[in-house]
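The values are calculated or read from the model by the stated rules, or taken from the named source; none is laboratory data. Treat the numbers as computed from the prediction; the structure is a model and nothing was measured. Reconstructed Cβ throughout: ideal geometry from the backbone, glycine too, with neighbour counts over all protein chains shown.
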Amino acid sequence: MRLRNLLATGSVAAWLLCGMTSAHAITGDYLEVRSCDVFTGPCFANAEMGLSGKEGILVWTIREGRWNGVELNGLSVIAVVRTRETMGDTSFRPRKGRSVMIVDSKANAIQRDALLGFAAARAGDLVSEVVAVHASSIESTIGACNNSGCSTIKAEGIVEVSTRCMGAHDHICGNEELFYPPLTRVAHPIPAYTEAAAYQGSDLDVTWSLTSQRGAYLASFEY
């Protein structure tokens, strides 16, 4: 279901601002996948810079809480982002992006607006140009990196992500670090291995499919 009326009526501008104007308390889990390694050595990162890392999928799954007075318990929102250059440390080199927003189909109209406002406040300039908004059934399991930890995300027909925890066999050069921090402020970010990640929508004029990269983060958030 496409919510283009949000774009046509100017509601997008309203929810871009609403997250900055009122108190809130909201907690949940976060997953981020990018089209470059985020846990890597400088030599590998420099080889990718300017060539990859221009696509990203940001997922917030809310455990409980309210945004601008609207209860969002158990709902998810996804931002699919594309930039012209490699997304890096946004505190140093902020990037403006084109984005597709995916809101949980379980949400009512008021909750959808609140989810969009929440994601806009968190992602900032990365979602400065929203080209489409969709409502979709979102299946989200974001697990901590423990013995059985893994994460899966699915927004039917648009986004699918599968990650696993990283192990010693995922070290390539021996001097890996968190070269690129997460694209938004989160708590306790842990790098994860992208087994597969795909965006199959048509609104960004490009689709992508990623496999076998050290390009994901798992985290929690509290705002």
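Tabulated results
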| quantity | calculated |
| --- | --- |
| Filtered residues of segment 107-136 (kept if under 19 Å from GLY97 (Cα atoms) and in a loop (DSSP other than H, G, I, E, B)) | SER128 |
| Residue in segment 180-217 that is nearest to ARG98 (Cα to Cα), counting only those that are outside any strand (DSSP E or B) and free of Cβ contacts under 8 Å to residues at least 40 places away in the same chain | ASP205 |
| Some residue of segment 198-205 being of a type in the set (S, T, N, Q), at pLDDT 90 or above and in contact with a Leu (Cβ under 7 Å, 6 or more places away or on another chain) | no |
| Meets criteria (among the basic types (Lys, Arg), closer than 18 Å to TYR217 by Cβ and at pLDDT 95 or above) for ARG63 | yes |
| Inter-residue pairs, beta-carbon under 9 Å, first more than 14 Å from VAL59 (Cβ to Cβ) and in segment 71-85, second of a type in the set (Val, Ile, Thr) and assigned to a loop (DSSP other than H, G, I, E, B), 6+ apart | ARG82/VAL206 |
| Residue under evaluation VAL100, criteria (1) surrounded by fewer than 16 Cβ atoms within 10 Å (Cβ to Cβ); (2) modelled with pLDDT of 90 or more; (3) within 20 Å of VAL33 (Cα to Cα), criterion not met | (1) |
| Residue in segment 67-76 that is under 14 Å from the mean Cα position of the chain (by Cα) and at pLDDT 85 or above present | yes |
| Pick from segment 157-180, criterion surrounded by 12 or more Cβ atoms within 10 Å (Cβ to Cβ), of a type outside the set (Lys, Arg) and modelled with pLDDT of 80 or more, ranking: farthest from ILE57 (Cα to Cα) | CYS165 |
| Residues that are crowded, with 20+ Cβ neighbours inside 10 Å and either touching a helix residue (DSSP H, G or I) at 6+ places or on another chain (Cβ under 6 Å) or over 17 Å from THR83 (Cα atoms) (or both), drawn from segment 194-215 | THR194, ALA197, GLN213, ARG214 |
